[in-house]
Amino acid sequence: MIAVEAITFQYSPGPVFEDFSWRVQRGDTWAVLGPSGCGKSTLLALLAGLLLPSSGRVRIDGAALLRPRPQTGLILQDYGLLPWATVRQNAGLGLKVRRFYGADGIHAPRDPVPGRSVDFWLDRLGLVPVADQYPAQLSGGQRQRTAIARTLLLQPDLLLMDEPFSSLDTPTREALQVLTMELAAEQNLTLVLVTHALEEAALLGRKILLLHEPPNRLADLVDNPGAGNPAYRESRAYAGLCQDLRRRLEMIPVRPR
Ligand code: ADP
Ligand code: MG
């Protein structure tokens with residue numbers, strides 16, 4: 001589905017990616033792991049079409065990505081909710097914006113399948129009890145679930161998540177990790193989740209892309225076929241993988257900042 005073809009990207013002197021290639025198949029669940037500053041968010045912005053490489057290209061389903069694509073959902077750490085709108089209004093916002101431009105399936109995805117309305121997603125994400133509350137009245141987990149509802153209502157086929165659970169407490173984070181696994185399977189999503197937490201990468205990523213200090217030319221690819229179900233967290237394979245990832249991360253030199 002995604003082909004990253006020999007891209008080079010740089011903000012200032014040194015490139016973050018140099019002649020870097022990577023492939024994501026439809027339906028894959030990838031975790032992108034690496035230390036702070038290695039280029040995870042930059043890679044996600046390149047996949048989202050928010051940044052363009054200076055050479056090489058990103059293709060999605062064969063087409064060169066030159067601008068953001070309406071069928072791609074993007075979830076960030078800080079939720080991006082409107083403070084003056086309720087949970088229900090925030091969840092429906094993307095749909096409202098899309099109707100303004102016309103849901104022709106090209107410039108914007110089509111309207112949701114019948115039965116997958118705002119109410120369906122509020123219910124699926126456990127937000128019915130807080131549907132008429134404002135973001136300031138919500139917990140961090142409820143805010144992120146509202147952002148997820150807003151994105152899934154638009155029926156993305158590709159979901160990009162940038163450290164979506166980093167600011168949540170442990171039980172909330174673990175519940176949302178499980179929910180994300182369920183949703184990715186239910187909705188047939190291709191998922192690319194960026195994280196600096198190796199345990200999260202090991203739990204969610206059926207494949208893991210391990211980035212190094214820039215410039216990234218080659219990244220480690222780690223297969224993790226057991227990922228994607230909550231019981232995996234208790235397995236020996238998971239414990240072994242976490243140990244392996246920890247070793248690999250420790251091999252990455254830390255730059256002075
Ligand atoms: P990560 O998400 O892995 O922490 P980023 O992709 O945010 O890393 O950043 C990769 C590198 O690019 C870092 O060295 C960072 O300082 C630099 N960088 C990120 N955004 C910008 C920007 N807008 N302008 C200049 N440099 C940037
Ligand atoms: Mg980042």
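The values are calculated or read from the model by the stated rules, or taken from the named source; none is laboratory data. Computed from a prediction, not measured in an experiment: that's the story for all the values here. Backbone-built Cβ (ideal geometry, glycine too); neighbour counts: all protein chains shown. Accessible surface areas use protein heavy atoms only, side chains included; no ligands, DNA or RNA. Shrake-Rupley method; radii C 1.70, N 1.55, O 1.52, S 1.80 Å.
Of the residues that sit in segment 186-222 and are of a type in the set (Lys, Arg) and in a loop (DSSP other than H, G, I, E, B), which one is farthest from Trp121 (Cα to Cα)?
Result: Arg217.
Only residues that are buried (at least 21 other Cβ atoms within 10 Å of the Cβ) and not aliphatic (A, V, I, L, M): list them for segment 178-192, please.
Thr180, Thr190
Given the residues Leu66, Leu43, Leu50, Leu76, which is the only one that is open to solvent by 10 Å² or more (accessible area, probe 1.4 Å), hydrophobic (A, V, I, L, M, F, W, C) and touching a residue at least 60 places away in the same chain (Cβ under 8 Å)?
The unique qualifying residue is Leu76.
Being within 12 Å of ligand 2 (Cβ to nearest atom) and open to solvent by less than 10 Å² (accessible area, probe 1.4 Å) is the filter here; which residues of segment 16-38 pass it?
Passing the criteria: Val32, Leu33, Gly34, Cys38.
Scan segment 201-222 residue by residue and report those that are surrounded by fewer than 22 Cβ atoms within 10 Å (Cβ to Cβ) and within 21 Å of Val178 (Cβ to Cβ).
Across segment 201-222, the qualifying residues are Arg206, Lys207.
Is it true that some residue in segment 181-193 is within 16 Å of ligand 1 (Cβ to nearest atom) and within 24 Å of Asn90 (Cβ to Cβ)?
Within segment 181-193 (the criterion being within 16 Å of ligand 1 (Cβ to nearest atom) and within 24 Å of Asn90 (Cβ to Cβ)), the answer is yes, since at least one residue qualifies.
When the residues of segment 129-175 are filtered to those that are free of Cβ contacts under 8 Å to residues at least 24 places away in the same chain and polar (S, T, N, Q), which remaining residue is nearest to ligand 2 (Cβ to nearest atom)?
Checked segment 129-175; the qualifying residue nearest to ligand 2 (Cβ to nearest atom) is Thr170.
Any residue at all in segment 223-239 that's closer than 17 Å to Leu176 by Cα, assigned to a loop (DSSP other than H, G, I, E, B) and open to solvent by 20 Å² or more (accessible area, probe 1.4 Å)?
Within segment 223-239, one or more residues are closer than 17 Å to Leu176 by Cα, assigned to a loop (DSSP other than H, G, I, E, B) and open to solvent by 20 Å² or more (accessible area, probe 1.4 Å).
So Pro13 fits all but one of (1) within 16 Å of ligand 1 (Cβ to nearest atom); (2) open to solvent by 10 Å² or more (accessible area, probe 1.4 Å); (3) under 21 Å from His196 (Cα atoms); what number is the exception?
Tallying (1) within 16 Å of ligand 1 (Cβ to nearest atom); (2) open to solvent by 10 Å² or more (accessible area, probe 1.4 Å); (3) under 21 Å from His196 (Cα atoms), Pro13 fails exactly one: (3).
Would you confirm whether any residue within segment 29-40 is closer than 30 Å to Pro135 by Cβ and free of Cβ contacts under 8 Å to residues at least 60 places away in the same chain?
Within segment 29-40 (the criterion being closer than 30 Å to Pro135 by Cβ and free of Cβ contacts under 8 Å to residues at least 60 places away in the same chain), the answer is no, since none of the residues qualifies.
Residue check: is Arg150 outside the structural domain of Ala45 (by TED's automatic domain parsing) and either of a type in the set (A, V, I, L, M, F, W, C) or more than 16 Å from ligand 1 (Cβ to nearest atom) (or both)?
Considered against the rule, which asks whether it is outside the structural domain of Ala45 (by TED's automatic domain parsing) and either of a type in the set (A, V, I, L, M, F, W, C) or more than 16 Å from ligand 1 (Cβ to nearest atom) (or both), Arg150 comes out as yes.
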